[in-house]
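Quick notes on the structure that follows.
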Amino acid sequence: MHHMTLAEIARGLADKKFSSEELTKALLARIAQLDPQLNSFISLTEELALGQAKAADARRANGESGALLGAPIAHKDLFCTQGIRTSCGSRMLDNFKAPYDATVVAKLAAAGTVTLGKTNMDEFAMGSANESSYYGAVKNPWNLEHVPGGSSGGSAAAVAARLLPAATATDTGGSIRQPAAFTNLTGLKPTYGRVSRWGMIAYASSLDQGGPLARTAEDCAILLQGMAGFDPNDSTSIDEPVPDYSASLNGSLQGLRIGVPKEYFSAGLDPRIAELVHNSVKELEKLGAVIKEISLPNMQHAIPAYYVIAPAEASSNLSRFDGVRFGYRCENPQNLVDLYKRSRGEGFGAEVQRRIMVGAYALSAGYYDAYYLKAQKIRRLVKNDFMAAFNEVDIILGPTTPNPAWKLGAKNSDPVAEYLEDVYTITANLAGLPGLSMPAGFVDGLPVGVQLLAPYFQEGRLLNVAHQYQLNTDWHTRTPTGF
């Protein structure tokens, strides 16, 4: 049963081939057996899962139906879940049990999903390798010596290893799409404001966005349907109707204009990945798409702008973790200043401390105009480049990452080298655009992803293109050895 997609599970439950309870027990047993190799979960919620599975089976017995009713998933451990540890991968929140459900968690629970647990992640979502977690690094199921990508590496590794069919994740600078590329999954970052951030512990509030990680575009459409929608609790949530994402999957690609930015194929891109991207372009041409070279001239400035804006927002968001109200508190503080210093110094890991310091510096008197304000101006230029490009094309295509997954520890001594791996993904966050990564081949036995970007609220178009591509290729069906 563990090889079934969300869509196949929905059909199996509807046809009474198995119950949600049977499926949940089988997956919990599989997690217990295989996850020690991967470290993809921080918390398992067996009791909750079995209760939700029985409730879903009862709802189906009473005549209810729905693609997510009885479907097992997991949540990235920054979505608040009532009464369950929500750690954000940090010692700071190791003892924190959320008093409420995040909107995403509540919406999916109402749709009938079964929560198997909370997945591992880079601490406070800061990282591209899932090595900064207080609970240890996550391993890539395609090669246990390599990283699965971050910060949603736990969700990605668990889905790729067939421990469950799909999981929630978040994307601040590529944290859904990059792990999807590294683990042979489909991952979607929706338009900023499409999915509620209420109850999603913030890293950088103007960049964070929740979304689905699954094996296929069809499954991402199903999970996004349950996650998306306006939320009055979230001031950044946009009141825009949510279309039926599954209904648009089978549209023709005839005449679809796909733009390929020339800036993507610079010296920093592994030539083998470039070849796989060109192969995917040819595949989409066979399906009727029209390819056009375009330019995104300000892309080169995106990484420095992002690594000013994101740490600046992080330093503000993480100021609440002071050892006073909730979270980690140091032992025997001498006074209030000692309490603050040691609680934060002991509670936060090295990468989080680094970004807080950078952010605080960028926002400080005398440097705000020189760094933060200038970064925001570059952000506008990046957005304008996309707006100009979308006057010419319907979709933008390119590599998701410049390189395949690297070995665990390989970039620990050089954080900037890790930051540069986000070069193709962060622009979508700066502009607030939807982006999707889909499997497109392998380099040295490690998966490679191709990224699609679309205009605002065109998630359906991304899913349609990815689904049609997956109907004509089999990369997404490959399974890591041993799983």
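Out of everything in the stretch 366-395 that is of a type in the set (Asp, Glu) and assigned to a helix (DSSP H, G or I), what residue ends up being farthest from ARG355 (Cα to Cα)?
Restricting to residues being of a type in the set (Asp, Glu) and assigned to a helix (DSSP H, G or I), the top hit is ASP385.
With respect to LEU27, determine if the residue is on the phi < 0 side of the Ramachandran plot, modelled with pLDDT of 95 or more, touching a helix residue (DSSP H, G or I) at 6+ places or on another chain (Cβ under 6 Å) and open to solvent by less than 40 Å² (accessible area, probe 1.4 Å).
No; evaluated as a whole, the condition is false for this residue.
So GLN37 clears everything in (1) buried (at least 17 other Cβ atoms within 10 Å of the Cβ); (2) in contact (Cβ under 8 Å) with a residue 60 or more places away in the chain; (3) of a type outside the set (Gly, Ala, Ser); (4) in a helix (DSSP H, G or I) except one condition, right? Which one?
(1)
So how many residues does the stretch 47-67 have that are in contact (Cβ under 8 Å) with a residue 60 or more places away in the chain and open to solvent by 10 Å² or more (accessible area, probe 1.4 Å)?
3
Between a residue in the stretch 18-31 that is assigned to a helix (DSSP H, G or I) and any residue that is small (Gly, Ala, Ser), which pairs come within a Cβ distance under 6 Å, given they are 6 or more apart or on different chains?
SER20/ALA53; SER20/ALA56; SER20/GLY70; GLU21/ALA53; THR24/ALA49; THR24/ALA53
Scan (1) open to solvent by less than 70 Å² (accessible area, probe 1.4 Å); (2) more than 19 Å from THR172 (Cβ to Cβ) for the single condition ALA365 breaks and write down its number.
If we test ALA365 against (1) open to solvent by less than 70 Å² (accessible area, probe 1.4 Å); (2) more than 19 Å from THR172 (Cβ to Cβ), just (1) comes out false.
Take the stretch 149-160 and flag every residue that is touching a helix residue (DSSP H, G or I) at 6+ places or on another chain (Cβ under 6 Å) and closer than 12 Å to GLN37 by Cβ. It would help to see each step written out before you state the result.
First pass over the stretch 149-160, keeping only residues touching a helix residue (DSSP H, G or I) at 6+ places or on another chain (Cβ under 6 Å): 149, 151-153, 156-157, 160.
Within the stretch 149-160, ALA157 is the sole residue that qualifies.
Can you confirm whether the stretch 271-290 contains a residue that is touching a Ser or Thr at 6+ places or on another chain (Cβ under 7 Å), closer than 24 Å to THR216 by Cα and not hydrophobic (A, V, I, L, M, F, W, C)?
Step one: list which residues in the stretch 271-290 are touching a Ser or Thr at 6+ places or on another chain (Cβ under 7 Å), which gives 283, 288.
Still in the list and also closer than 24 Å to THR216 by Cα: 283, 288.
Subset that is not hydrophobic (A, V, I, L, M, F, W, C): 283, 288.
Yes, the stretch 271-290 has at least one match.
Could you give every pair whose Cβ atoms fall below 7 Å, whose first residue belongs to the stretch 279-297 and is at negative phi, and whose second residue is among the small types (Gly, Ala, Ser) and open to solvent by 10 Å² or more (accessible area, probe 1.4 Å), counting only separations of at least 6 or pairs across chains?
Final answer for the pair search is VAL290/GLY255.
Just to be sure, is THR113 in contact (Cβ under 8 Å) with a residue 40 or more places away in the chain and either surrounded by fewer than 24 Cβ atoms within 10 Å (Cβ to Cβ) or touching a His at 6+ places or on another chain (Cβ under 7 Å) (or both)?
Judged against the criteria, THR113 is not a match.
Among what's in the stretch 299-314 and is in contact with an Asp or Glu (Cβ under 8 Å, 6 or more places away or on another chain) and open to solvent by 10 Å² or more (accessible area, probe 1.4 Å), pick the residue that is farthest from THR172 (Cα to Cα).
From the stretch 299-314, those in contact with an Asp or Glu (Cβ under 8 Å, 6 or more places away or on another chain) are 299-300, 303, 306; that's our starting set.
Retained after the next criterion (residues that are open to solvent by 10 Å² or more (accessible area, probe 1.4 Å)): 299-300, 303.
Numbers: MET299: 17, GLN300: 18, ILE303: 13 Å.
Going through the qualifying residues, I end up with GLN300.
Being crowded, with 20+ Cβ neighbours inside 10 Å, touching a Gly at 6+ places or on another chain (Cβ under 8 Å) and farther than 30 Å from PHE96 by Cβ is true for just one of LEU256, LEU284, LEU296. Which residue is that?
LEU256
Pull up the stretch 171-211, narrow it to residues that are polar (S, T, N, Q) and out of contact with any Asp or Glu (no Cβ under 6 Å at 6 or more places or on another chain), then point me to the one that is farthest from SER20 (Cα to Cα).
Step by step, filter the stretch 171-211, then rank; the result is SER206.
Is it the case that LEU249 is farther than 21 Å from GLY70 by Cα, open to solvent by less than 10 Å² (accessible area, probe 1.4 Å) and out of contact with any Cys (no Cβ under 8 Å at 6 or more places or on another chain)?
Spelling it out, LEU249 is indeed farther than 21 Å from GLY70 by Cα, open to solvent by less than 10 Å² (accessible area, probe 1.4 Å) and out of contact with any Cys (no Cβ under 8 Å at 6 or more places or on another chain).
Restricting the search to the stretch 315-343, which residues are open to solvent by 60 Å² or more (accessible area, probe 1.4 Å) and under 28 Å from the mean Cα position of the chain (by Cα)?
Filtering the stretch 315-343 down to residues open to solvent by 60 Å² or more (accessible area, probe 1.4 Å) leaves 316, 319-320, 324-326, 329, 331-332, 334-337, 340-342.
Listed by number, the residues that qualify are SER316, SER319, ARG320, PHE326.
The values are calculated or read from the model by the stated rules, or taken from the named source; none is laboratory data. Quick caveat: nothing in here was measured; it's all calculated off a predicted structure. With ideal geometry, Cβ positions are generated from the backbone for all residues, glycine too; neighbour counts draw on all protein chains shown. Side chains included, ligands, DNA and RNA excluded: accessible areas come from the protein's heavy atoms. Shrake-Rupley method; radii C 1.70, N 1.55, O 1.52, S 1.80 Å.
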